[in-house]
């Protein structure tokens, strides 16, 4: 069965303290891996799509990487406004749906 | 360029009633998917519409149905509402013809009492 697991469930950091969020996946065939940011009560905001192992993408303080079994979202010198839930999802070969992990709740304290 | 728009943003319904949620995809997108997100969980795929037909369906009962119109907009209908249907309903749009990304709307919060 296709499965996506994110860790940790929640993470609290001090402003400026860099860290990484993990997304591990078990799927029959990967078409793409997506990262989204979701603020409370809002829809997911697109961050990145990664298509193949070894690929990396960056946006401001965020950098996403992909291997054959997992993806990391690295946050460098985070600010309080980076506080949100970060969702990872995979698009599977031959299917039209995104399979999501449960998310990582990130809190950045000033 | 408007992104994915959904309506209504919030609504309250009584058990047994029916609800219709609406979605307009991002300009240039032809595919609409619907997801249900319970509190504290990741979104769960309900179904996807392309060329006015349901292309794939997730593990949801027949009480959940949908439609796509010629202008690519879509509706999600839920009949015989249950308390457990209370959730954030998200619409996602994409373009089938390329390895494009998938954008989400802000969602419709449904509370069943």
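Values in this text are rule-based calculations from the coordinates and carry no lab data. Worth saying up front: this structure is predicted, and the values here are computed from it rather than measured. Note: ideal-geometry Cβ built from the backbone for every residue, glycine included; neighbour counts use all protein chains shown.
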For residue B:11 and residue B:59, what does the FRET efficiency come to when R0 = 41 Å and r is the distance between their Cβ atoms, rounded to the nearest 0.05?
-> 0.95
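Does region A:41-81 classify as rounded, prolate or oblate by the C-alpha gyration tensor (a ≥ b ≥ c root eigenvalues; a/c under 1.5 gives rounded; else a/b over b/c gives prolate, otherwise oblate)? The partial results should precede the final answer.
Working: a/c = 2.39, a/b = 1.48, b/c = 1.61.
In terms of gyration-tensor shape, oblate.
Looking at chain B, I'd like the Rg to Rh ratio, where Rg is from alpha-carbon atoms and Rh is Kirkwood's inverse mean 1/r. Don't jump to the answer; show the numbers that get you there.
Values: Rg = 13.3 Å, Rh = 14.0 Å.
With Rg and the Kirkwood Rh in hand, the quotient comes to 0.95.
Shape of the protein assembly as shown from its Cα gyration tensor (a ≥ b ≥ c, root eigenvalues): rounded if a/c is under 1.5, otherwise prolate when a/b > b/c, or oblate?
On the way: a/c = 1.85, a/b = 1.43, b/c = 1.29.
Note, shape of the protein assembly as shown comes out prolate.
Assuming 0.36 nm per residue, please report the length gained on full extension of the stretch residue A:26 to residue A:67 beyond their Cα-Cα distance.
Numbers: separation 41, 0.36 × 41 = 14.76 nm, distance 1.20 nm.
Full extension from residue A:26 to residue A:67 adds 13.6 nm.
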Most fluctuating residue of B:41, B:17, B:56 in a GNM of chain B with Cα springs under 10 Å: which is it?
-> B:41
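Classify chain A as rounded, prolate or oblate, taking a ≥ b ≥ c as the square roots of the eigenvalues of its Cα gyration tensor: rounded when a/c is under 1.5, otherwise prolate if a/b is larger than b/c and oblate if not.
Details: a/c = 2.05, a/b = 1.69, b/c = 1.21.
Prolate, because a/c is 1.5 or more and a/b exceeds b/c.
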Order of A:100, A:72 from fewest to most other C-beta atoms within 10 Å?
-> A:72, A:100
Which residue fluctuates the most in chain A, going by a Gaussian network model with Cα springs under 10 Å, if the choices are A:69, A:79, A:42?
-> A:42
Among B:49, B:95, B:72, residue whose mean-square fluctuation peaks in a GNM of chain B (springs only between Cα atoms under 10 Å) = B:95
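Taking 0.36 nm per residue of sequence separation and subtracting the Cα-Cα distance, how much length would be gained by fully extending the chain between residue A:51 and residue A:109, in nm to one decimal? It would help to have the intermediate numbers written out before the result.
On the way: separation 58, 0.36 × 58 = 20.88 nm, distance 3.29 nm.
Computed gain between residue A:51 and residue A:109 is 17.6 nm.
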